[in-house]
Amino acid sequence: MKASRAGVSLLAAILFFVPGSGSAQAPLPQWIPGTSYDPAIPTLESVVGHAIRQEITSPEGLVAYFRALAAAAPDRTRLVEYGQSWEGRPLVALLVGSQANMQRLDEVRFGLQRLANPTDLGAAEAGRLTSELPILVALVHGIHGNEISSAGAAMAMAYHLLAARGEPRARTILDHALVLIDPAQNPDGRARFVLNTRQGRGRWADDHPASVEHDEPFPGGRVNHYLFDLNRDWFAQTQPESRGRAALLLEWPAQVVVDVHEMGGNSSYYFPPNAVPGNPWTTDAQNEALRRAGGAMARDFDARGFRYFNRDTYDAFYPGYGVSWPMAQGAIGMTFEQASARGLLYRRDDGSLLTYGDGVLHHFTATFATTEWAALERERLLGDYLAFRRSAVELGRGRSYVLHSEHDPALAGRLARTLVRNGIQVFSTTEPVRVAGRTLQPEGTYVVPLNQPTHRLVRNVLDPQTSMDTTFVEEQIRRRSLRLRDQIYDVTAWNLPMLWDVELLEGSADLALAGTPIPAAVPPTTPAADLPSDAVAYLMPWGTGTAAAVAELLREGFTVRATGADLTLEGREFPVGTAIVRPLENGPDAAATVASVAARHGAEVVPTRTAYSDSGSSFGSNATRTLRLPRILLAYDRPGSTYSVGWARYVLERRYGLPVTAIRASSIPRADLADFDVIVLPSGNYGAVFGEAELDRLRLWMSRGGTLVTLAESSRWAARSGLLATSTELRGGAPEFGGGGEPRRGVPEQPIDPVASLAPVREAPEPVPGAILNVVLDPSHWLAAGTDGRIGALVEGSRVFSPLTLDRGVNVGRYGGVDDLLASGIAWEESRPQLAHKAFLMHQPVGRGQLVAFAEDPNYRAYAEASQLLFVNAVLLGPGR
């Protein structure tokens with residue numbers, strides 16, 4: 001029977017009342033009976049006005065409390081501010097240990113770094129370090145801002161370790177471990193959630209799952225300011241929160257890392273062992289440690305009567321999670337998932353009530369048990385960590401990877417620096433390198449030795465293929481035949497060289513001897529060159545660096561042109577898209593400004609004293625267009641996908657420096673489209689936004705010179721609405737809409753196939769579970785400027801677009817053939833024939849404007865650099881064509 005409002009409020013009062021929460025005696029009454037607490041250590045209530053389990057603490061409250069704890073116990077803590085979020089909130093972590101360990105904290109850090117880099121570590125020193133050092137346990141919380149109870153557990157852990165008097169388990173932890181507690185990895189998302197839930201809350205906490213305090217408006221608190229899922233960003237490190245956290249964990253190499261999450265409110269609690277498939281680079285020792293840690297947590301959960309599950313749903317295959325990135329570094333990585341109240345009180349489907357305080361207590365129980373387990377196994381785990389790092393060096397003995405890009409050296413350099421931020425050693429070459437029968441020039445060539453402690457992480461992000469458990473894959477094939485959803489939790493491919501259009505070669509380890517190690521604190525890409533002020537023009541071959549440099553020059557008011565066809569000048573070929581800057585059009589400081597901007601972005605600048613081309617196009621040709629800083633409208637809010645909106649905005653604003661006007665999709669009908677040169681529609685179905693009148697307005701705007709860019713599902717919508725002159729396909733190739741009819745079953749052959757006979761009549765194509773497919777580009781088209789004519793694109797889902805016919809537009813990018821389709825990951829065998837040669841990037845002229853449609857999201861997680869460049873080409877080179 002459903003409780004009455006009065007009953008709910010009474011129950012809520014009972015659940016949220018914490019006996020003695022204003023005193024020093026029992027701020028955690030449900031932890032260990034009889035524990036008393038030191039009144040010199042402040043409670044949360046004394047700092048922010050509420051008890052830990054009573055209210056959802058704001059990110060500002062979290063930082064204030066951690067600062068108060070550090071001030072109250074300076075001999076047992078060190079507060080580290082490791083970065084700032086996009087919105088300027090501090091990212092902090094509290095190191096907690098015994099007085100003895102904190103007194104020698106710098107020595108401990110140095111010792112842990114020696115274990116992490118054991119190339120010249122002798123047996124005697126190694127034995128001393130593993131016997132004397134405390135184990136470092138990193139507890140990182142709230143990477144998704146609306147997973148709220150984890151931060152409460154972070155505060156409870158810090159308070160209990162510092163304030164508990166004579167509690168033996170806390171004493172064990174402090175004597176043998178150093179505990180790093182990060183209370184909120186995503187403070188911007190948490191702030192958004194706290195604001196929304198408090199605004200929606202009434203006089204009493206409402207337990208109904210659909211109540212406004214549980215129903216987050218766009219974009220929700222899960223994501224950061226740029227709407228990124230930070231738990232997919234660990235190796236790409238596109239976001240400041242990720243870069244700061246990675247730097248923190250490289251400075252303080254942890255042997256155990258716990259990433260603390262929440263899940264749906266009808267579930268219970270998850271802790272390792274993990275679900276299959278595991279990452280193939282995880283060692284047997286790591287898996288065995290997870291089993292032992294799981295047993296330790298199970299004992300505490302069983303004793304307290306808490307429900308839990310293991311080995312289901314949450315895998316560690318993708319190396320960009322908070323569980324798997326530390327595992328690839330040698331730590332014992334763990335994901336904890338608590339059923340979320342998404343507020344103070346939540347009624348489950350079975351009628352039971354879940355409170356925010358329940359989640360705090362469950363997370364505290366799990367993290368405390370794990371930290372105690374690590375302390376008790378300190379020496380064994382330190383030894384395993386050292387063995388992992390040493391074995392990694394041996395695995396790569398005598399080998400290296402070489403990263404190279406001739407057409408975009410800046411991108412190869414950017415990839416090299418990304419690897420360095422992951423703790424991977426990379427060398428820039430200072431002389432030509434001979435590898436795979438080729439001689440590579442130093443510019444755009446980098447060597448990654450494989451005989452280094454991060455070998456397994458290197459292989460994860462650079463290997464062309466990461467294998468998935470065969471038995472698991474076979475089970476997914478069986479499920480697909482029954483039209484059941486697969487159990488693949490995330491993507492099956494993420495190879496960075498493919499997604500960045502950077503060549504990967506394999507050579508010997510001594511190639512690094514011809515180079516210089518890239519430091520962790522990376523200086524500017526190149527020193528600014530001295531450009532001749534009397535040049536007729538400066539030419540900048542198009543690429544990622546040039547695109548970013550041109551955007552900055554346009555913001556500075558420069559006149560910049562771009563070629564619409566190839567040309568040869570003074571014996572050198574310049575491809576389509578080459579930027580042209582004439583000093584006489586841009587003032588006396590043009591040379592210095594161009595040199596400085598180009599150096600900042602790694603763009604090549606070629607001065608010329610003549611505009612007279614040897615062959616091909618010319619500076620004054622109609623194909624050479626004057627660029628302008630585009631006025632960009634980005635559709636924000638639903639129906640756009642949260643991630644797609646954020647990725648597009650980040651790529652435009654932060655990656656390439658292009659100003660954006662974000663307008664809620666529902667407000668676009670009220671906007672004057674003439675104010676904009678480009679409209680970007682992130683992935684989504686815009687049928688409810690654009691009725692017939694609005695579609696006519698879009699067509700008129702394009703015909704007058706506007707550029708409409710659609711991504712993934714918005715391209716499907718554009719085809720359905722008649723804007724894009726093609727259709728997506730059903731399974732088997734029939735058009736999904738726009739004529740052509742539906743497939744019909746005739747009289748089946750006898751006997752019938754017991755599986756095929758059950759297939760739906762009208763069915764979407766076989767979905768691709770996040771694979772990298774080869775895309776062949778038309779190198780003569782301006783949309784493909786800056787590429788070598790072939791890229792890898794991340795494909796996820798069941799969109800298949802029939803190519804545009806020649807009278808309607810150009811298929812600038814098409815998937816490879818059946819035998820040249822799959823670059824990395826899994827694309828089911830049945831789906832490949834239908835995807836082969838289908839459209840990926842379509843350019844459809846509309847009057848003086850155009851529609852540029854992508855079959856997939858080119859900005860995927862902002863680490864698909866090659867397809868991102870195509871998107872930026874549409875935005876930056878499209879207007880005026």
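Observations on the structure shown:
- Taking packing as the residue-averaged number of other Cβ atoms within 10 angstrom, the listed peptides 593-602, 797-806, 303-312, 862-871 run from highest to lowest as 862-871, 593-602, 797-806, 303-312.
- Placing a label point 7 Å from the Cα of Glu60 along the Cα-to-Cβ line, the residues of the stretch 74-116 whose backbone N sits under 18 Å from it are 84-92.
- Once the Cα atoms are used to define both axes, helix 590-601 deviates from the longest principal axis of the chain by about 50 degrees.
- Applying the Kirkwood pairwise sum to the alpha-carbon positions of the stretch 409-533 produces a hydrodynamic radius of 17.0 angstrom.
- Note on Ala40 and Asp349: the extension gain reaches 106.9 nm, defined as 0.36 nm multiplied by sequence separation minus the Cα-Cα distance.
- Modelled spin-label separation between Glu692 and Glu107, with each label point placed 7 Å from Cα along the Cα-to-Cβ direction: 8.3 nm.
- Per-residue HN-Hα couplings for the stretch 286-298 [Karplus 6.51, -1.76, 1.60; θ = phi - 60°; Hz; x = Gly/Pro]: 5, 5, 5, 4, 4, 5, 5, 5, x, x, 5, 5, 4
- Based on Cα contacts under 8 Å between residues 6+ apart, the stretch 438-541 shows a relative contact order of 32 percent.
- The heavy atoms of Ile518 present about 30 square angstrom of accessible area, all protein chains included, probe 1.4 Å.
- Highest average packing first - 273-279, 199-205, Cβ atoms within 10 Å: 273-279, 199-205
- Value in Å of the Kirkwood radius, where the stretch 588-703 supplies the Cα pairs that are averaged: 17.4 Å
- Whole-Å distance, taken between Cα centres, linking the stretch 149-186 and the stretch 222-286: 20 Å
- Summarising the label geometry, the points placed 7 Å from Cα in the beta-carbon direction at Glu288 and Glu443 lie 5.3 nm from one another.
- Efficiency of FRET from Cβ geometry, Tyr612 and Thr172, R₀ 56 Å, rounded to 0.05: 0.10
- If R0 is 25 Å, the Cβ-Cβ spacing of Asp302 and His208 corresponds to a FRET efficiency of close to 0.20.
- Fully extending the segment from Arg165 to Ala528 would add 124.6 nm, taking 0.36 nm per residue of separation and subtracting the current Cα-Cα distance.
- Rounded if a/c under 1.5, otherwise prolate or oblate - the stretch 166-260, Cα gyration tensor axes: oblate
- In this rough spin-label picture, where each label sits 7 Å from Cα along the Cβ direction, the Leu250-Val276 distance is 3.5 nm.
- In sequence order, the stretch 381-386 has phi-based couplings of 5, 4, x, 5, 4, 4 Hz under the Karplus curve 6.51 cos²θ - 1.76 cosθ + 1.60, θ = phi - 60°, and Gly or Pro positions carry x.
- Placing +1 on each Lys and Arg Cβ and -1 on each Asp and Glu Cβ, with no other charges, gives the chain a dipole about its Cα centre of roughly 1240 debye.
- Counting every pair of alpha carbons in the chain, the share spaced more than 56 Å apart comes to 14 percent.
- Relative contact order (%) - the chain, alpha-carbon pairs under 8 angstrom, separation at least six: 10 percent
- Between Val435 and Leu440, the built amide H atoms are under 5 Å apart, and every one of these is 5 or more places off in sequence or on another chain.
- Per-residue Karplus couplings for the stretch 109-115, computed as 6.51 cos²θ - 1.76 cosθ + 1.60 with θ equal to phi - 60°, are listed in order as 4, 4, x, 5, 5, 5, 5 Hz, Gly and Pro entered as x.
- Distant-in-sequence amide contacts of Ala771, defined by a placed amide H-H separation under 5 Å and a gap of 5 or more residues or a different chain, comprise Thr492, Val795.
- Across the stretch 538-612, the relative contact order, built from alpha-carbon pairs under 8 Å that are at least six residues apart, equals 45 percent.
- Tensor-based shape of the stretch 464-623 (alpha-carbon gyration tensor, a/c under 1.5 rounded, otherwise prolate or oblate): prolate
- Two-decimal Rg to Rh for the stretch 209-267 - Kirkwood Rh, Cα set: 1.07
- Segment Ala100-Gln84, extension gain: residue separation times 0.36 nm, minus the distance between their alpha carbons: 2.7 nm
- Summing charges over neighbours of Asp463, with a neighbour being any other residue whose Cβ is under 14 Å away from its Cβ, gives +2 when K and R count +1 and D and E count -1.
- The alpha carbon centroids of the stretch 819-881 and the stretch 307-358 are separated by 35 Å.
The values are calculated or read from the model by the stated rules, or taken from the named source; none is laboratory data. Every value quoted in this text rests on a predicted model; they were computed, and no experiment measured them. Cβ coordinates were reconstructed from backbone atoms using ideal geometry, including for glycine residues, and neighbour counts include every protein chain displayed. To get the accessible areas, we keep the full protein, side chains included, count just its heavy atoms, and leave off ligands, DNA and RNA. Shrake-Rupley method; radii C 1.70, N 1.55, O 1.52, S 1.80 Å.
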